[in-house]
Amino acid sequence: MTENKVSSYRSFKDKEKPVEVRLSNIIAAKAVGDAVRTSLGPKGMDKMIQTGSGEVVITNDGATILKHMSVLHPAAKMLVDLSAAQDVEAGDGTTSVVVIAGALLGAAEKMLVKGIHPTTIAEAFQRAANKSTEFLTEMSTQIDLSDKNSLLRAASTSLNSKIVSQYSGLLAPIAVDAVLRVIDPATATNVDLKDIRIVKKVGGTIDDTELIDGLVLTQNVVKNSGGPTRIEKAKIGLIQFQLSPPKPDMENQIIVNDYRLMDKILKEERQYLLNMCKKIKKTGCNVLLIQKSILRDAVNDLSLHFLSKLKILVVKDIERDEIEFICKSTGCKPIADIESFAEDKLGYAELIDEVQTSGARVVKITGVKHIGKTVSILCRGANSLVLEEAERSLHDALCVVRCLVKKKALIAGGGAPEIEVSQRLSEYAKTLKGMEAHCFEAFANALEVIPITLAENAGLNPINIVTELRNKHALGEKTAGINVKKVALGFILVVYLFIFLKEVFNIHFYI
């Protein structure tokens, strides 16, 4: 009994165990940062990932890479969650946050080895982050949303590090125009990206991507019954009930022995469907959108035949998650029952037309009732891999413009803000005393991981590049950064998101 007590006392007093746990957590998190580090910047490499279902994904988007990684360690999972949070908040910079977090953890590890207490490190890092935010605010340049060139440069910068970078001249204006059309630039403080719908359609090339004032449906018009494929002055009805014979709630069978009874059943079925179609036509509806049903067929051949005779254009299999956007765009209201089908629930559009482009058919709804509330982007690509990456890149560009609407300020890119903040933090650390000064210095050195990584991924000498960058910033060139396309240093003008780095430095540090 006495030996057990002594043993438990020793394990309680053992200082090595918590140190080992902390170090293992830091090593696991740093491993995640190192995994995505090579995909940072315009010269970063793309990753080919095979998902558990066998699907292949090619991307250099940090959030996408980490989402498909099977991370088991809880500390490493926190970095995956950090990247996902950055994707929601800023939309871009998902790789940078993980790389910076990994570098900060590496700096914390060195402080722990020196014997500095974890609480001291965490508090000092938090103060250093707040100080960094102040420095970034000072070096930012205010912009106006009427300055379209600044918005285009910011969106292009986001796209330059993507697989679709060669199409940034096409996609950046689409992203900027899409955001500006759904907000009032004079008063807007945020953008609801749900008002901008990206519709993917395989076929053609990314050059065929276009912005549409209205609505695009990937479902085809039902033509097998001879109905119309083009309607002007369209009155649109969106139904959530079935245009097919009713069925009982319970599974049962009806046996008919008499052919006259069979004929009567068929006649009643025919009359039932005809009455429903006539009610729809009576309201003035000439375009019918039918929600996809999981229980039974939403529409059958007989009802399609009646609708075509009544000159009503039909698009079926509308997905549930499309309903809200369609209603907001056209002004229609979803109708759950034929008895509540009324004219005041119909939407309006100048033209609905099924068009064929690059071997694929889409339904375009233009001249919608609520112009300026929603827009659609028809994204094209030769195959699903390119199409998925184009959609991710467009989403990042839209988020970049949204960030500029939230916080109308820009800072330089190419590693310039990191070097500037690093140098100013180092100067500030000299005014501090004790352990805090060491922690501030470690924080400052960790920020240099971004220019070092940009130089490494571009095939440059990171030591020479960072040394020269420090020299230029010491001489007052605040916007000097790495121009990886010209393989040199230069003035990297304001093309980087202020809010992005601000979000990075607002991370709470737990060690």
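The helices (runs of 4 or more DSSP H) found wholly in segment 405-511 and carrying at least 1 residues that are within 30 Å of the chain's Cα centre (by Cα) and at pLDDT 85 or above occupy 416-429, 435-447, 449-457. Can you give me the number of residues within segment 159-194 that are assigned to a loop (DSSP other than H, G, I, E, B), within 18 Å of Thr209 (Cα to Cα) and acidic (Asp, Glu)? Adding up the residues that qualify gives 0. Only one of the listed residues (Gly227, Gly284, Gly237) is crowded, with 17+ Cβ neighbours inside 10 Å, assigned by TED's automatic domain parsing to the domain that holds Arg361, in a loop (DSSP other than H, G, I, E, B) and of a type in the set (Gly, Ala, Ser). That residue is Gly227. Val386 passes every criterion in (1) at pLDDT below 90; (2) in contact with a Phe, Trp or Tyr (Cβ under 7 Å, 6 or more places away or on another chain); (3) part of a helix (DSSP H, G or I) apart from (2). Hey, does segment 29-44 have a residue that's hydrophobic (A, V, I, L, M, F, W, C) and over 28 Å from Ser384 (Cβ atoms)? Within segment 29-44, one or more residues are hydrophobic (A, V, I, L, M, F, W, C) and over 28 Å from Ser384 (Cβ atoms). Hey, does segment 331-345 have a residue that's acidic (Asp, Glu) and outside any helix (DSSP H, G or I)? Checked segment 331-345: at least one residue is acidic (Asp, Glu) and outside any helix (DSSP H, G or I). Scanning segment 298-326 for residues that are touching a residue at least 40 places away in the same chain (Cβ under 8 Å) and more than 30 Å from Lys194 (Cβ to Cβ) yields Asn300, Asp301, Ser303, Leu304, His305, Leu307, Ser308, Lys311.
Look through segment 137-158, keep the residues that are among the charged types (D, E, K, R) and outside any helix (DSSP H, G or I), and return whichever of them is surrounded by the most Cβ atoms within 10 Å (Cβ to Cβ).
Asp147
Checking each residue in segment 295-350 for being of a type in the set (Asp, Glu) and either more than 21 Å from Leu215 (Cβ to Cβ) or not assigned by TED's automatic domain parsing to the domain that holds Val362 (or both) picks out Asp297, Asp301, Asp337, Glu339.
The values are calculated or read from the model by the stated rules, or taken from the named source; none is laboratory data. Remember, predicted model here, so these are calculated numbers, not experimental data. Positions of Cβ are generated from backbone atoms using ideal geometry, with glycine treated the same way; all protein chains shown enter the neighbour counts.
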